[in-house]
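Report on the following structure.
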Amino acid sequence: MAKKRGIIIGAAVAASLVLGGGWAADRFLIEHVEVSDVTAYEAANASVDATTYDTSEAVVTDTTYESDSATITVSQVTTGSGDETVTYYVADVVLADATVLKSAFADDSFGENITDLTSSIAADNDAILAVNGDYYGFRDTGIVIRNGVVYRDAGARQGLAFYTDGTVAVYDETTTSAAELVADGVWNTLSFGPAIVENGTVVDGIEDVEVDTNIGNHSIQGDQPRTAVGVIDENHLVFVVVDGRDEGYSKGVTMTELAEIMTSLGAETAYNLDGGGSSTLYFNGEVVNQPSNGGERATSDILYIAS
């Protein structure tokens, strides 16, 4: 599959960015590589060793995957009818160890505006399951810890932390540091949001949240394609990808409706990830949902489980 580099935007918008000043193109279009070989960087800087499993006896069917490291069940759900139809995909994941859930960056590089398709990043990392991440590369803020290694320490919003003991917690990035989080056992962080479920209850006010005010990412309100991760119990996660912008197949959901899906699946905590055209669920070698752009939109990172 051919790889796509750069953020895909309309020609008129691209022209306005370039003509409007070099700063805009520099900010939104040009790749800025900070770490060019993430694999080597993580090997040199990891403070926690990931558990290694023998997956030679793994069993994959159309909707399930079982190995010593993880059990995954993927299902499709359709509700409503006509213009109110909603179609979403659920990946129920039970991990043998929290470090089985990993992150990967486009082009094995860390920085801004470095993008590739979710399926391509997944294939490059031998993933059996993958979802789009938080599109960290669209911004230069947030705490970015991936696979136990610090990449960015610029707290700005409500984040999500995955710990090596299998617990997951919502936290305020502005009240801590990446070093403190790693010392406390954080394995991965996400910086998008907001948290949509806490203590098994839908969070109030989530319809009014704006994650970013940059060009092309100013609002997350209304019926939209969505990606979210939920926590049912220690080492028991659920990923949901909602399709949208396709009348009769799936209109998308509001943030509150997404939260209600997560609570219906038993999530005690749930967190919103990058959505819209980015929302992608990859399983067993293929994209199983229908991304709203008519095909995948390139993104900067994924969460995945290796086969």
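Counting only residues that are among the small types (Gly, Ala, Ser) and within 14 Å of residue 102 (Cβ to Cβ), how many does segment 129-145 have?
Number of matching residues: 2.
For segment 143-153, state whether one or more residues are more than 30 Å from residue 177 (Cβ to Cβ) and part of a loop (DSSP other than H, G, I, E, B).
no
Checking residue 246 against (1) at negative phi; (2) modelled with pLDDT of 95 or more, which test does it fail?
Just one mismatch for residue 246, condition (2).
Can you go through 197, 229, 182 and tell me which one is of a type outside the set (Gly, Ala, Ser) and in a helix (DSSP H, G or I)?
182
Which one of the conditions (1) in a strand (DSSP E or B); (2) within 17 Å of the chain's Cα centre (by Cα); (3) of a type outside the set (Ser, Thr, Tyr); (4) closer than 24 Å to residue 185 by Cα does residue 134 fail to meet, given that it meets all the rest?
(1)
What's the number of the only condition in (1) closer than 27 Å to residue 251 by Cα; (2) among the hydrophobic types (A, V, I, L, M, F, W, C); (3) surrounded by fewer than 23 Cβ atoms within 10 Å (Cβ to Cβ) that residue 98 fails to meet?
Here residue 98 clears every test but (1).
Going by the structure shown, is residue 222 small (Gly, Ala, Ser), modelled with pLDDT of 95 or more, more than 16 Å from the chain's Cα centre (by Cα) and not in a helix (DSSP H, G or I)?
Taking the combined requirement at face value, the residue does not satisfy it.
Out of 277, 295, I need the residue that is small (Gly, Ala, Ser), under 29 Å from residue 32 (Cα atoms), over 13 Å from the mean Cα position of the chain (by Cα) and at pLDDT below 95. Which one?
Answer to the selection: 295.
Can we say residue 53 is surrounded by 13 or more Cβ atoms within 10 Å (Cβ to Cβ) and either part of a strand (DSSP E or B) or modelled with pLDDT of 90 or more (or both)?
no
Within the bounds of segment 83-90, is there any residue that is within 20 Å of residue 187 (Cα to Cα), within 21 Å of the chain's Cα centre (by Cα) and at pLDDT 85 or above?
No: zero hits.
State which residue is farthest from residue 300 (Cα to Cα) when the search covers only segment 258-280 and only residues that are in a helix (DSSP H, G or I) and small (Gly, Ala, Ser).
Here the residue is 264.
Can you tell me which residues in segment 263-287 are out of contact with any Ser or Thr (no Cβ under 9 Å at 6 or more places or on another chain) and either buried (at least 24 other Cβ atoms within 10 Å of the Cβ) or over 24 Å from residue 203 (Cα atoms) (or both)?
Listed by number, the residues that qualify are 267, 271.
Can you name the condition, by its number, that residue 286 falls short on among (1) in contact with an Asp or Glu (Cβ under 6 Å, 6 or more places away or on another chain); (2) at pLDDT 95 or above; (3) under 29 Å from residue 148 (Cα atoms)?
Result: residue 286 fails condition (1) only.
The values are calculated or read from the model by the stated rules, or taken from the named source; none is laboratory data. Note that the structure is a prediction, hence the values are computed from the model and not measured. All Cβ positions, even for glycine, are placed from backbone atoms using ideal geometry, and neighbour counts span all protein chains on display.
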